[in-house]
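Just below is one structure, and these are the notes that go with it.
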Amino acid sequence: MQKNHALCSIFSLLLLLMVCIPGGVLAEGPDEIISKPEVTQTPVPSDPILGLIYNGTVDVKSSISVVADSGISYTIPGNTPIGVLEALMNSGAIEKLSIGDELMEKKGTLLLYGIGNLSSGNGNGWFVKVNGERLEDVVLAETMGLSRYTLKEGDVVLYTLGDPKGMVSESKAYLTVTIGMVDEAEPEPVKEPSAVNTSEENDEITEITEINTDTKPEQSDDEAEHVSDETPEDQKPEKTASGGQEVLYTGSMSLPSGTITIETTGGDYDINAATPLGILHELLEDDKISDLTVSDKAMKKGGILILEGINDYQFTGDKTWFVLVNNVLLKDYLYDEEGLNIYKIKAGDEVGYYFGEPSEPASAAQVKLVITIE
């Protein structure tokens, strides 16, 4: 009996060892026990093309509050490109906005840096088209700024992240928005003058009329001659563009070469001397102009330096400096290669700097400065 019990114990021990020892008769294959399945991951492109991320119709309000990246809140018209984006964010259609206010003080416009997690950079920027026409939001900020351009019912607004000269289908991302109902702002009530004030004004008008109907006092010959020489301000003929345009300087210079350091409102930058800003810097060094103001507030978006002022003529909101090369307008900030610190000037070019409205003829500008490159 004891012998059989001992044999059973030995057999049980052998059976346990056969199960537990790796590679034993009853053990599973070693790969199935200690090997982990490999997970194949598809690499994510560092700059993916997302394509269409929103398409819909938006009803806009008369005004809307927008918070810029600086933390400052601005109230802008709701029927503007940035006003529409703010409405989309408030409705949850997009997560967040990145808005720049660097040009708000001088040009009265906000800049679009990012929608959701998609920001400008790596050669790409956000630009806007309305009914197929590109908004020149900085060059023509007064009329086409993204927080100023007035949208109408039925307008189709395209926001694109990519190359402004490329195809929309090749852009990184884009949104299309059709403008629905526009909530127009109610006009302020007109205050009517009180009955008392009205009667007083009528009395004054009556008195003046009575005086004017009287015979004019006789004038001496000296007085009459003096009055005839002085034309009232409102009757003076307006100056024509050719006769009234001030010329700061005209001349010629050899094509500059190398790199120059130009001072801006935000720091110093090394730029090519053979550029519109490089030429102005040389004129400043030669005392041909007395002052040059350059802003770097657009460097973040497009690597562009902006010409703000020459001498006493600084950006005022309705007039700005623009540049024509061989009578062709440089659309700086619209196209990187036409930036005034980037565009290459060559021998034989005529470079004109004009202070006025870029959408009007150069002859209508208030001030001009023209340089011929030898």
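Remarks
- Considering only residues in region 328-368 that are part of a loop (DSSP other than H, G, I, E, B) and of a type in the set (Asp, Glu), the one that is surrounded by the fewest Cβ atoms within 10 Å (Cβ to Cβ) turns out to be Glu360.
- So Ile371, is it at pLDDT 95 or above, in a loop (DSSP other than H, G, I, E, B) and in contact with a strand residue (DSSP E or B) (Cβ under 7 Å, 6 or more places away or on another chain): no
- Taking strands (runs of 3 or more DSSP E) as the structural unit, no element lying wholly within region 91-151 holds at least 2 residues that are at positive phi and at pLDDT 90 or above.
- Residues (β-branched (Val, Ile, Thr) and buried (at least 17 other Cβ atoms within 10 Å of the Cβ)) located in region 55-88: Val58, Val60, Ile64, Val66, Ile76, Thr80, Ile82, Val84
- If the condition is being farther than 14 Å from Ile99 by Cα and in contact with a strand residue (DSSP E or B) (Cβ under 7 Å, 6 or more places away or on another chain), then region 110-127 contributes only Asn124.
The values are calculated or read from the model by the stated rules, or taken from the named source; none is laboratory data. Here the structure is a predicted model, which is why all the values come from computation and not from measurement. Backbone-built Cβ (ideal geometry, glycine too); neighbour counts: all protein chains shown.
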